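*Asks:* Structure provided below as structure tokens; questions to follow.
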Amino acid sequence: MTQASYSLDGQVALITGSGSGLGRDMALRFAAAGAAIGVADLNLEGAEKVVAEIEAAGGRAMAIEMDVTNEEQVNQGVDALVAHFGAVDVLISNAGIQIIESIDKFEYTQWKKMLAIHLDGAFLTTKAVLKHMYKDNRGGSVIYMGSAHSHEASVLKAPYVTAKHGLLGLNRVLAKEGAAHNVRSNVICPGFVLTPLVEKQIPEQAQELGISEEAVVKDVMLKNTVNNEFTTLEDVSSAALFLATFPSNSLTGQSIVVSNGWHMH
């Protein structure tokens, strides 16, 4: 992808969970394409480091400390972004965690924590940006970070799979409601990406399943891909940039699977 073909000049993007990993990569990529970035993360120090990277490359960004499950913090963060840069044109709801355990042993508090971050966080950030996107039908693009697990199930991931399936429903309703205000909505569904979140899962799954870490990678994570390869940060960021810069409102309510053929639909 050439940045010239996927320009975000003059636009403002809020990316949650962008202090590290996939969110950081998308923040850097969107900034290079011309967008001003709201780098929102629970870890303010991590967000500030990403802002420094963007500014060092000549881009514009601001750090926002944001717990996506805290409605007041979400609203204040979005309003601060709009006050600073004048608008919010793109939301990437990316903040997420993973907790590995079987259903029969899963603690209810941990279940609620997982759903709060992935689903409540998506709802709260969406509601907060829509106030600005709906004004005068300005419009915008909302992108949810789903997963191949939005379509597939895996053992030991009940709340994660449940939440990622739920994002499809939220996305489809927003596509219908937002259309009148020029807001479109889509979900990116990556396969396994070697982020700290996934790297942490390898030894956890090895212990839980009683197999080697190598076997977790080969026989669990990459088993159903067509090429035995992890999805890359660049793969997902490219899909996000494509959705954010799509030239019309015709591409909405969809899930784009970027999984090396793990899930096909």
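*Asks:* Might you report the magnitude of the Cβ-based charge dipole of the chain about its Cα centre, with Lys and Arg at +1 and Asp and Glu at -1, to the nearest 20 debye?
*Replies:* 820
*Asks:* Taking only protein heavy atoms and a 1.4 Å probe, what accessible area per residue, in Å², does the chain have with all protein chains in place?
*Replies:* 45
*Asks:* Putting +1 on Lys and Arg Cβ atoms and -1 on Asp and Glu Cβ atoms, find which of 203, 80, 133 reaches farthest to the positive end of the dipole of the chain.
*Replies:* The Cα lying farthest towards the positive end belongs to 133.
*Asks:* For the chain, find the longest principal axis of its Cα atoms and tell me its angle to the long axis of helix 233-245, 0 to 90°, nearest 10.
*Replies:* The angle comes out at about 40 degrees.
*Asks:* Now for a separate question. Where does helix 158-178 land angle-wise versus the long Cα axis of the chain, in degrees 0 to 90, nearest 10?
*Replies:* Tilt relative to the chain: about 30 degrees.
*Asks:* Okay, moving on. Between residue 176 and residue 207, take the C-beta separation as r, use R0 = 41 Å, and let me know the FRET efficiency to the nearest 0.05.
*Replies:* E between residue 176 and residue 207, to the nearest 0.05, is 0.40.
*Asks:* While we're here: Test of understanding: given the chain, find the longest segment containing no GluC sites (Glu not before Pro) that are in a DSSP loop and have at most 16 other Cβ atoms within 10 Å.
*Replies:* No qualifying site falls inside 108-228, the longest such stretch.
*Asks:* If you don't mind, there's one more thing I want to ask. Taking only Cα atoms and a 10 Å spring cutoff, compute GNM fluctuations for the chain and point out the largest among 221, 66, 145.
*Replies:* 221
*Asks:* Could you give the alpha-carbon Rg of segment 219-259 over 2.2 N^0.38 Å, rounded to two decimals?
*Replies:* Computed over Cα atoms of segment 219-259, the ratio equals 1.46.
*Asks:* Can you pull the semi-axes for segment 125-189, root of five times each eigenvalue of the Cα gyration tensor, sorted largest first, whole Å?
*Replies:* One finds semi-axes of 27, 10, 8 Å for segment 125-189.
*Asks:* Please compute the modelled spin-label separation between residue 248 and residue 137, points set 7 Å along Cα→Cβ, answer in nm with one decimal.
*Replies:* Rounded to a tenth, the inter-label distance reads 1.7 nm.
*Asks:* Computed over the Cα atoms of the chain, what is the ratio Rg over Rh, Rh following Kirkwood?
*Replies:* My calculation puts Rg/Rh at 0.96.
*Asks:* Just to be sure I understand the model, the point goes 7 Å from the Cα along the line to the Cβ. What's the resulting residue 113 to residue 264 distance in nm?
*Replies:* Here the answer is 3.9 nm between the modelled labels.
*Asks:* Nearest 10 degrees is fine. How inclined is helix 21-32 to the longest principal axis of the chain, computing both from alpha carbons?
*Replies:* Here the helix axis deviates by roughly 30 degrees.
*Asks:* Which pairs, out of 112/218; 176/200; 131/176, put more than 27 Å between their alpha-carbon atoms?
*Replies:* 112/218; 176/200, as the Cα separations exceed 27 Å there.
*Asks:* Let me ask something else about it. Could you calculate, for segment 4-45, the ratio of the Cα radius of gyration to the Kirkwood radius, expressed as Rg to Rh?
*Replies:* Using only Cα positions, Rg/Rh for segment 4-45 is 1.00.
*Asks:* For the chain, what does the relative contact order come out to in percent, with C-alpha contacts under 8 Å and a separation of six or more?
*Replies:* That works out to 18 percent.
*Asks:* Cα-based Rg of segment 140-265 per 2.2 N^0.38 Å, rounded to two decimals?
*Replies:* Expressed relative to 2.2 N^0.38 Å, the Cα Rg reads 1.14.
*Asks:* A further question follows. Check the straight Cα-Cα distances from residue 164 and name the aspartates and glutamates below 14 Å, setting aside those fewer than 8 residues away within the same chain.
*Replies:* 120, 152
*Asks:* In addition: Choose one of 118, 169, 18: the residue whose Cα lies farthest towards the positive end of the charge dipole of the chain (beta-carbon charges +1 Lys, Arg; -1 Asp, Glu; about the Cα centre).
*Replies:* 169
*Asks:* In a Gaussian network model over the chain where Cα atoms closer than 10 Å are linked, find which of 41, 25, 104 has the largest mean-square fluctuation.
*Replies:* Taking springs between Cα atoms under 10 Å, the residue moving most is 104.
*Asks:* When the distances between all Cα atoms of segment 1-144 are binned every 10 Å from zero, what whole-number percent does each bin get?
*Replies:* Binned Cα distances yield the sequence 13, 42, 31, 11, 3, 0.
*Asks:* Then there's this: In whole percent, how big is the carbon plus sulfur part of the accessible area of the chain, probe 1.4 Å, protein atoms only?
*Replies:* 51
*Asks:* Compute the distance from the alpha-carbon center of segment 204-265 to that of segment 39-57, in whole Å.
*Replies:* Cα centroid of segment 204-265 versus Cα centroid of segment 39-57: 25 Å apart.
*Asks:* Given the options 180, 191, 70, identify the residue whose Cα lies farthest towards the positive end of the charge dipole of the chain (+1 on Cβ of Lys, Arg; -1 on Cβ of Asp, Glu).
*Replies:* 180
The values are calculated or read from the model by the stated rules, or taken from the named source; none is laboratory data. Note that this is a predicted model, so its numbers are computed, not measured. All Cβ positions, even for glycine, are placed from backbone atoms using ideal geometry, and neighbour counts span all protein chains on display. Side chains are part of the model used for accessible areas, which takes the heavy atoms of the whole protein and leaves out ligands, DNA and RNA. Shrake-Rupley method; radii C 1.70, N 1.55, O 1.52, S 1.80 Å.
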